[in-house]
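Worksheet: the structure to be examined is printed underneath.
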Amino acid sequence: MTQTTNDKLSSTEKASDSSTSVATQGTGALNSSHGRTSVADTVVTKIAAIATREVSGVYELGKGSARAMGQLRQRIPGSSGPSVSQGVSVEVGETQVAVDVDVVVEYGVSIADLAKGIRRNVISSVERMTGLEVVEVNVAVDDVYIAGDDDEQQSSSRVQ
């Protein structure tokens, strides 16, 4: 996350005292007069990842090495394949969250429009499901998928 993310999360979210044992260390908390609800970082990460994958034009999530490991795991019998949350990282405060997403886009898709769609879907899903306010969604486009590239790579790996 960028330094501005930390600046956007309020100082009360960063501060922890003895009366708030579930402060900002790895969970976000929603308070009401009837109790407290905490949401783990992994929950927000999975929601953001699924919301990103739902956007048309997103081919895959993750940076090059993470995608390669996911593809390798996918070929191992009995393996679950790539991690659901691959390519997404979050920073969760008590009431706010910031999200970073690494994507591979399909060739021909408007990257600006795709980023807007990802932001809209991630914000909507995370806020609706968790009650946390999404303060930013940073989208990093790491690659462009061109149909046919995978077929060429797979056939050349079989020949060797």
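Please give me the summed charge of the neighbours of Ala51: other residues whose Cβ is under 11 Å from its Cβ, Lys and Arg +1, Asp and Glu -1.
Working: positive: Lys46, Arg53, Arg119, Arg120, Arg128; negative: Glu54, Glu127.
That sum, taken over residues with Cβ under 11 Å, equals +3.
For a quick check: sort Arg119, Arg53, Arg36 by the number of other beta carbons within 10 angstrom, fewest at the front.
Details: Arg119 20, Arg53 17, Arg36 11.
Ordered by Cβ neighbours within 10 Å, fewest first: Arg36, Arg53, Arg119.
Report, by chain and number, residues whose modeled amide H sits under 5 Å from the one on Val84, excluding near sequence neighbours (fewer than 5 apart, same chain).
none
Assuming a viscosity of 1.002 mPa s and a temperature of 20 °C, what translational diffusion coefficient in µm² per second does Stokes-Einstein assign to region 89-140, Rh being the Kirkwood radius over Cα pairs?
Details: Rh = 11.6 Å.
It comes out at roughly 185 µm²/s.
Net charge near Val84, counting Lys/Arg +1 and Asp/Glu -1 over other residues with Cβ under 11 Å of its Cβ?
Values: positive: Lys46, Arg53; negative: none.
Result for the neighbourhood of Val84: +2.
Each value in this text was obtained by applying a stated rule to the coordinates, not by laboratory testing. Keep in mind that this is a model prediction, so the values were computed, not measured. As a convention, Cβ positions derive from the backbone with ideal geometry for all residues, glycine included, and neighbour counts pool all protein chains shown.
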